[in-house]
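Asker: Here's a structure for you.
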Amino acid sequence: MFAVIKSGGRQYKVSVGQTLEVNRLPVEVGEQVHFSEVLLISDAGNTMIGNPLVDNAVVLATATKQGRGEKLIVFKYKPKKRYRHRRGHRQELTILTIDDIVAGGKSLITGTAPVSREEEELPAVAEAETLPESAEVQAVPAEVTEAEEPEVEEQRPSRRRRTRKAEETESEAEE
């Protein structure tokens, strides 16, 4: 089973579990990405071709890493004109792992509705944030008196150097 998706002006043939390098996407590492521009989905006996896109089709991927591609040398040269420019370029990339291919609201791997990673994490967070109704939070006023606060003295730099220099110059002037 595979799908053809479009990302960053390029088309990629992907299958589940594959690692894919695409142009830099504005996502965090570990975040799930939904590609809704699916051009073709092919299974063992079934092929869905989009016109131009397949309806209700999504490819789910997880951002594994943000990185840079290998360095390419861009060399411009014009003979007999003393024109030579050598530059390097490294493309910014996002490395993705394909999790699932979804068509018509059903996963083509499991046959059930897909569950995104955000939906899996939300119930656990909601349970941790709720408090029992019997638990009430009461504010306790904190009374601070002047006697409890420690006094902080300002430390000034010593003036020994200035006085010594002044005394030395006075004694030199007397001589």
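Asker: Among strands (runs of 3 or more DSSP E) lying entirely in region 15-85, which contain 3 or more residues that are at pLDDT 95 or above and loosely packed, with under 12 Cβ neighbours inside 10 Å? Walk me through how you get there before you give the answer.
Answerer: Numbers: elements: 19-23, 32-35, 38-42, 47-49, 57-68, 72-78.
Fully inside region 15-85 and qualifying: 72-78.
Asker: Now for a different question. Of the conditions (1) in contact (Cβ under 8 Å) with a residue 12 or more places away in the chain; (2) farther than 14 Å from residue 95 by Cα; (3) not acidic (Asp, Glu), residue 25 clears all except one; give me its number.
Answerer: (2)
The values are calculated or read from the model by the stated rules, or taken from the named source; none is laboratory data. Because the structure is a prediction, the values reported are computed rather than measured. Cβ: placed from backbone, ideal geometry, glycine included. Neighbour counts: every protein chain shown.
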